[in-house]
Amino acid sequence: MDPLASGRLAPPPLYGLVLAGGRSTRMRRDKAALAYQGQTQLERAMALLTALVARAFVSVRADQRGDPLRARFAQITDAHQNIGPLAGLLAAQAQHPEAAWLVLACDLPLLDEGTLAHLLRARDPARTATAYRSSHDGLPEPLCAVYEPRSREPLAAYVAAGNQCPRKFLAGADTLLLDEPNPRALDNINTPEEYGSAMATLTAQSSATTRHVTVQYYALLREQAGRREEALVTAARTPRELYSELAARYPFSLAPEVLRVAINAEFGEWSTPLKDGDAVVFIPPVAGG
C-alpha cells in the first residue's frame, strides 16, 4: 500500500507557479502585464497563490528574467524551449522535486479565491494530479491544477517522447478531476476581443447589486465557520456563488455536491437566484458532523 495513500506520511509541501513565459502572440501585448481593476494579471495571480502556498514563483523564459514586472518575484527559468507551458512545470519540478506544485496560467482574470480553495480542499496527494474538468468540453484543465511530486518522472517521459499537450498528459494520468464551482473562473484570455469581454464581465461584477442575506451553519460547517449564523452583504447571485465566497473565508472541507441548500426554510437548487433578505442554510450530510 502507498504510505501516502494510507495516511502514514504527511503530504509534500505545496509550492505555487504562475506560468508567465508565453509570447502572447495572439494578444499582441504581454498578457502578464494586462491591467485588471488596478492590478496586472501577474500581480493578481501571484497574490492569489501567495496566500495558499509555502513558496510562490513566476515561470519565465531566459530572455524575460530582466523584465521589471517579472523581476519583482522569485523566478524559475525554463530549461526547455518550444514545448509550451510544460516547460515551466518541468523546470519547477527539477529545481524543487520534493514539492507539489499548484500551477496557474497568467491569463485567468476571472479566477476567484473560492475556486482555488475548492481545488486545494479536494487535493489528493496520493494521485498524480488534481485538476478541474472543463465546463466547456469536459477535458482536464491543466493550468489551474496541483501536480504532485510523483508526476515528475512520467511528465518528463511524456515530453521526451515528443508530446507537449498538458491536457492529454492529465487525461492519461492518475488525475483526480473535479467539477468547477464557478464555470467561468478558468476562462483564459488570449485575444484583444477576449480581453475586452473579460473587462466587461469584471466591471459588471464590481457594480453588481449587493444583497443582504443571513446564513445559518450546522454540524461540521458550524465548527469550521466558528459561528452558528451571520448576516452578510454579498454580490453572490446564487447559493453556489455564495458558498464559493464563504469557502474562501472559512476552511470548509465539504464540496457543494455533498450538501443541500435551503432558502427561506425550503429546499432549493444551487442555481436559484438570491434575493435581498433571503435566509440561506447549507446542510451537511448526517455523516458530516
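The values are calculated or read from the model by the stated rules, or taken from the named source; none is laboratory data. Treat the numbers as computed from the prediction; the structure is a model and nothing was measured. Positions of Cβ are generated from backbone atoms using ideal geometry, with glycine treated the same way; all protein chains shown enter the neighbour counts.
In table form, for the structure just shown:
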quantity: Region 212-265, subset of a type in the set (Phe, Trp, Tyr) and crowded, with 19+ Cβ neighbours inside 10 Å, residue nearest to Leu49 (Cα to Cα); calculated: Phe252
quantity: Matching residues in region 29-42 - criterion: being in contact (Cβ under 8 Å) with a residue 24 or more places away in the chain, surrounded by fewer than 22 Cβ atoms within 10 Å (Cβ to Cβ) and not in a loop (DSSP other than H, G, I, E, B); calculated: Ala33, Tyr36, Thr40
quantity: Residue in region 92-106 that is at pLDDT below 95, assigned to a helix (DSSP H, G or I), outside the structural domain of Tyr250 (by TED's automatic domain parsing) and among the polar types (S, T, N, Q) present; calculated: no
quantity: Filter result for Ser134 (out of contact with any helix residue (DSSP H, G or I) (no Cβ under 8 Å at 6 or more places or on another chain), at pLDDT below 90 and closer than 26 Å to Ala248 by Cα); calculated: no
quantity: Failed condition for Leu186, given (1) among the hydrophobic types (A, V, I, L, M, F, W, C); (2) within 18 Å of the chain's Cα centre (by Cα); (3) in a helix (DSSP H, G or I); calculated: (3)
quantity: Long-range neighbours under 7 Å by Cβ, at least six apart or interchain, first residue in the same structural domain as Leu89 (by TED's automatic domain parsing) and surrounded by 14 or more Cβ atoms within 10 Å (Cβ to Cβ) within region 153-173, second among the hydroxyl-bearing types (Ser, Thr, Tyr) and assigned to a helix (DSSP H, G or I); calculated: Phe169/Tyr158; Ala173/Ser151
quantity: Residue list for region 181-205, restricted to those being in contact with a helix residue (DSSP H, G or I) (Cβ under 6 Å, 6 or more places away or on another chain) and among the aliphatic types (A, V, I, L, M); calculated: Ala185, Ile189
quantity: Residue match in region 6-28 (condition: surrounded by fewer than 16 Cβ atoms within 10 Å (Cβ to Cβ), aliphatic (A, V, I, L, M) and over 22 Å from Glu141 (Cα atoms)); calculated: yes
quantity: Qualifying positions in region 183-206 - in contact with a Pro (Cβ under 9 Å, 6 or more places away or on another chain) and either surrounded by fewer than 13 Cβ atoms within 10 Å (Cβ to Cβ) or of a type in the set (Phe, Trp, Tyr) (or both); calculated: Tyr195
quantity: Of all residues making up region 115-130, the number that are modelled with pLDDT under 95, over 13 Å from Val103 (Cα atoms) and crowded, with 19+ Cβ neighbours inside 10 Å; calculated: 3
quantity: Meets criteria (charged (D, E, K, R), under 21 Å from Leu52 (Cα atoms) and either outside the structural domain of Glu241 (by TED's automatic domain parsing) or surrounded by fewer than 18 Cβ atoms within 10 Å (Cβ to Cβ) (or both)) for Asp112; calculated: yes
quantity: Residue list for region 154-193, filter: among the charged types (D, E, K, R) and farther than 29 Å from Pro239 by Cβ; calculated: Arg167, Lys168, Asp174, Glu193
quantity: Residue list for region 124-139, restricted to those being in a loop (DSSP other than H, G, I, E, B) and either at negative phi or in contact with a Cys (Cβ under 9 Å, 6 or more places away or on another chain) (or both); calculated: Asp124, Pro125, Ala126, Arg127, Thr128, Ser134, Ser135, His136, Asp137, Leu139
